[in-house]
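Everything below concerns the one structure shown next.
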Amino acid sequence: DRHAGQPVRPGGAIVAFLLLAVVQNQDVLLANALLGAEEAGRFAVISTLGGIAAFATTTVPLMLIPRAREHGHEALRAALAVAALLGLGAVLVVAVAPGTLVSVVFGGRYESAGAIAVPYVLAMALLGVARVLIAHACARGAARRTIAFLAPVALLHLALVAALGDD
């Protein structure tokens, strides 16, 4: 391994994960900027459910980074499996009865938000898998390439929020 014995430089990983946070949270910014109070409330319900799926995988990269240099693809496969299983579990819990789940947890007035809960939670679960891939790339010395990929995406998201404003 060409990276063995080299010190891990956390700066690149920090920047990569900050950019990922921008991408992950742009939906809330857009919802607050573009939707009326009632619709923004419905979206907050969906965002909360999706956030559970994304949060469930948050610690997986933390367990991967120290092992990625020593165990390479073995560590990556294990971390991807854990992230995928946690994400799939979240999707399955929501998929059983999304409207009922939303109604019980957040109140009957938000039950209609359950209609988009499953695809949204799936998207956030996939973001958790992406987080593992980003952690692995950073741990293996590819933080600059990861940042080069994420920076334009994050900037585009910020530009969209700025351009749409409260229109």
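Each label point was placed 7 Å from the Cα along the Cα-to-Cβ direction; for Phe149 and Leu62 their separation is 2.4 nm. To the nearest µm²/s, what D does Stokes-Einstein give for the chain at 37 °C and 0.692 mPa s, using the Kirkwood radius over alpha carbon pairs as Rh? The calculation lands on 192 µm²/s. Rounded to 0.05, the FRET efficiency of the Leu160 and Ala37 pair, given R0 = 25 Å and the Cβ-Cβ distance, is 0.70.
With all protein chains kept in place, the per residue accessible area of the chain amounts to 55 square angstrom at a probe of 1.4 angstrom.
The values are calculated or read from the model by the stated rules, or taken from the named source; none is laboratory data. Quantities reported herein were computed from a predicted structural model and do not represent experimental measurements. In this analysis, Cβ positions are derived from the backbone assuming ideal geometry, glycine residues included, and neighbour counts consider all displayed protein chains. We work out accessible area using only protein heavy atoms, side chains counted, and drop any ligands, DNA or RNA first. Shrake-Rupley method; radii C 1.70, N 1.55, O 1.52, S 1.80 Å.
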